[in-house]
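*Asks:* One structure is given below, represented as structure tokens, and several questions about it will come after.
The values are calculated or read from the model by the stated rules, or taken from the named source; none is laboratory data. Since the structure is predicted, the reported quantities are computational estimates derived from the model, not experimental observations. Cβ placement follows ideal geometry from the backbone for every residue including glycine, while neighbour counts extend to all protein chains displayed.
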Amino acid sequence: MNKTEELEKLNKEMLSCSKCELRKTCNQVVPGEGSADARIVFIGEGPGKKEDETGKPFVGAAGKFLDEMLSIIKLKREDIYIANMVKCRPPSNRDPLPKEKDICWAWLEKQINLIKPDLIITLGRHSLEKFLPGQRISEVHGKALRREFSKSSKQDSLPDEQIFYVLYHPAAALYNGSMREVLIKDFKRIPKVLELINPKLSQKNN
Ligand code: URA
């Protein structure tokens, strides 16, 4: 099986997950979308109403803004991968509970290990808290951070070293003009971060 097929298989398995209560109230599981060969994986919080209706991540108002920003840096959905901390919509769009995020982590961890992205971009505080605990979004947004693990301290099967880029959640910028500007400014730095990680790949892709 190639990477794309493996990811399809994994996402299909996810559709029959009922390990937490969220599956009882949502319409459908929203595994994620994009390329298995993506250099970037974006990670949001969880599906909202539109995502729950369509089965696709970031298709509501926040998703439209995300698409706008992707086009500014000449990327399309097909070039990246987008997933969420939880794959099922929390009732009334409440925050996912720690227990729900913990249970759903097993799926996200598998997706990341399959795709092996150069860069993981956290969207908002839920994914930031998971990957870079203790960091404040107001201090680290627009920054690339390298997380290194020693074998003994590892709590998951992510690579020993992974680079993250921190962004505010696009929904936070929808009705806030100055936040919108900050997010666009941070977004525009993504190509540079990718180039620093691997100049050869960036030349080939652009
Ligand atoms: N917000 C998220 O965090 N994820 C989605 O898929 C949609 C909105």
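This table checks each residue for (1) closer than 24 Å to E129 by Cα; (2) more than 13 Å from the chain's Cα centre (by Cα).
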| residue | (1), (2) |
| --- | --- |
| E13 | no, yes |
| G32 | yes, no |
| E45 | yes, no |
| F58 | yes, no |
| A61 | yes, yes |
| F65 | yes, yes |
| S92 | yes, yes |
| K99 | yes, yes |
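*Asks:* I82 fails exactly one of the following numbered conditions: (1) under 28 Å from L201 (Cβ atoms); (2) in contact (Cβ under 8 Å) with a residue 60 or more places away in the chain; (3) surrounded by 21 or more Cβ atoms within 10 Å (Cβ to Cβ). What is the number of that condition?
*Replies:* (2)
*Asks:* What about V30, is it at pLDDT 95 or above, in contact with a strand residue (DSSP E or B) (Cβ under 8 Å, 6 or more places away or on another chain), near the ligand (Cβ under 9 Å from one of its atoms) and more than 17 Å from Y168 (Cβ to Cβ)? Can you show your working first?
*Replies:* Details: at pLDDT 95 or above: yes; in contact with a strand residue (DSSP E or B) (Cβ under 8 Å, 6 or more places away or on another chain): yes; near the ligand (Cβ under 9 Å from one of its atoms): yes; more than 17 Å from Y168 (Cβ to Cβ): yes.
Here the answer is yes, as V30 does meet what is asked.
*Asks:* Then there is this: Do we find that E51 is in contact with a His (Cβ under 7 Å, 6 or more places away or on another chain), surrounded by 20 or more Cβ atoms within 10 Å (Cβ to Cβ) and closer than 29 Å to K188 by Cβ in this structure?
*Replies:* Working: in contact with a His (Cβ under 7 Å, 6 or more places away or on another chain): no; surrounded by 20 or more Cβ atoms within 10 Å (Cβ to Cβ): yes; closer than 29 Å to K188 by Cβ: yes.
Taking the combined requirement at face value, the residue does not satisfy it.
*Asks:* Could you tell me whether the stretch 122-140 includes any residue that is under 20 Å from S16 (Cβ atoms), surrounded by 20 or more Cβ atoms within 10 Å (Cβ to Cβ) and within 14 Å of the ligand (Cβ to nearest atom)? I'd like the intermediate steps shown before the answer.
*Replies:* Initially, the stretch 122-140 is screened for residues under 20 Å from S16 (Cβ atoms), giving none.
Within the stretch 122-140, none of the residues are under 20 Å from S16 (Cβ atoms), surrounded by 20 or more Cβ atoms within 10 Å (Cβ to Cβ) and within 14 Å of the ligand (Cβ to nearest atom).
*Asks:* Something else now. Identify the residue in the stretch 142-187 that is surrounded by fewer than 18 Cβ atoms within 10 Å (Cβ to Cβ) and hydroxyl-bearing (S, T, Y) and, among all such residues, is nearest to the ligand (Cβ to nearest atom).
*Replies:* Checking each candidate, the answer is Y175.
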